[in-house]
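Some notes on the structure that comes next.
The numbers here are math on the coordinates, done by the rules we state, and not lab data. It should be emphasised that the depicted structure is a prediction, and the values quoted were computed from it without experimental measurement. As a convention, Cβ positions derive from the backbone with ideal geometry for all residues, glycine included, and neighbour counts pool all protein chains shown.
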Amino acid sequence: MNQLRKRVYQANLLLPEYGLVAGTQGNVSGIDRKRKIIYIKPSGVPYEKMKATDIVGIDLNGNIVEGTLKPSVDWIHHAFIYKNIPEIGGVVHTHSVFASVFAACEIPIPCFTTGQADIFGSEIPVTEYVDNKADNIGKAILKHRKPGCPSIILGRHGVFAFDENPEKAVFAALMTEYFAKINLFAIILGKISKKTLKELPKYEIKKWYERYHGKGYGQK
Ligand SMILES: [Zn+2]
């Protein structure tokens, strides 16, 4: 089996494992740029029953080129992101709980702590509400995304995360949920204790982001 198809299958299984999805919600895709094929979760298949061969290969217009099942109904938003952001190789969509609280309120996730600065390099931005017709979601993502920030909150909907491959995109979705949780509690505690919360200054955020994404971080 195609390596990327298998990786997309395994990346999809991480969503329930990380507690980022309920039921059949959520989806992960990955793109083979050379062959112009997107591998994506099939529509409406429960994660616990999904097999690697259920992952659907589609072209950029949604025509099925590998597999027999229908692709996720969200394929069009994934394809739009791949068409418009050439460096992206993996896309994730979830309605994860804490991030969806920010989505419900149409509030970006502020950058209060260094861990968020490391990964996202900014607040996690939010879009206005858009319906799911045609390119509306994709266009809203393009309009509001911040360069270098691998996720975005979709107003009154959920999360889109994107990075150079499916595994990194899942990590961005997981971290979006993690910082949404921290920040929601911080905002509540701030109110109770009458503290004015402060975002990290822009130059500090930049410093942490560059250190994390630079050559010195992690193992060789
Ligand atoms: Zn959705």
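Bin by bin, in steps of 10 Å, what percent of the Cα pairs in the chain do you find, going until the bin that has the longest distance?
Spelled out bin by bin, the chain gives 9, 34, 35, 17, 4, 1 percent.
What number comes out for the charge environment of TYR9, summing +1 per Lys or Arg and -1 per Asp or Glu over other residues with Cβ under 9 Å away? Walk me through the numbers before you get to the answer.
Details: positive: ARG5, LYS6, ARG7, LYS41, LYS51; negative: ASP54.
Cβ neighbours under 9 Å give a net charge of +4.
With θ taken as phi - 60° and the coefficients 6.51, -1.76 and 1.60, list the Karplus ³J(HN,Hα) couplings across the range 78-85 in order, rounded to whole Hz; mark glycine and proline as x.
4, 4, 4, 5, 4, 5, 9, 10
Can you check what the net charge comes to around TYR18, using other residues whose Cβ is under 13 Å from the Cβ of TYR18 (Lys, Arg +1; Asp, Glu -1)?
Details: positive: LYS181; negative: GLU17, GLU167, GLU177.
Residues near TYR18 contribute -2 overall.
Neighbour counts of other C-beta atoms within 10 Å: give me LEU69, LEU174 arranged from fewest to most.
On the way: LEU69 16, LEU174 21.
In order of increasing Cβ crowding within 10 Å: LEU69, LEU174.
For the chain, modelled as a GNM with alpha-carbon contacts under 10 angstrom, which of LYS202, LYS146, LYS181 fluctuates the most?
Checking each option, the largest mean-square fluctuation is seen for LYS202.
Short version: ³J(HN,Hα) in whole Hz for each residue of the range 137-143, in order, from phi by Karplus 6.51 cos²θ - 1.76 cosθ + 1.60 (θ = phi - 60°), x for Gly and Pro, what are they?
Per residue, the Karplus-derived 3J(HN,Hα) values read 5, x, 5, 5, 5, 4, 5 Hz.
Mind telling me which of GLY90, GLY23, GLY121 comes out most flexible in a GNM of the chain, alpha-carbon contacts under 10 Å?
GLY23
Arrange the peptides 72-79, 29-36, 61-68 so that the one whose residues have, on average, the most other Cβ atoms within 10 Å appears first. Spell out each step's value before the answer.
Values: 72-79: 21.9, 29-36: 17.6, 61-68: 12.4.
Going by the mean number of other Cβ atoms within 10 Å, highest first, we get 72-79, 29-36, 61-68.
Under 27 Å between alpha carbons, and skipping anything fewer than 8 positions from LYS198 in its own chain: which lysines qualify?
Candidates past the 8-residue exclusion: LYS143, LYS146, LYS181, LYS206, LYS207.
Given a 10 angstrom Cα cut-off, can you work out which residue in HIS93, HIS144, HIS157 is the most mobile in a GNM of the chain?
Judging by the Gaussian network model, the answer is HIS144.
Hey, what did the chain get for relative contact order, percent, Cα under 8 Å, at least 6 apart?
Working: 431 pairs, mean separation 44.4, N = 220.
Relative CO of the chain lands at 20 percent.
What whole number of Å gives the distance from the Cα centroid of the range 178-204 to the Cα centroid of the range 97-175?
Between the Cα centres of the range 97-175 and the range 178-204 lies a distance of 18 Å.
Using the Karplus curve 6.51 cos²θ - 1.76 cosθ + 1.60 with θ = phi - 60°, work out ³J(HN,Hα) for each residue of the range 177-186 in order, rounded to whole Hz, and write x for Gly and Pro.
With the stated coefficients, the range 177-186 comes to 5, 4, 6, 4, 5, 4, 6, 5, 5, 4 Hz.
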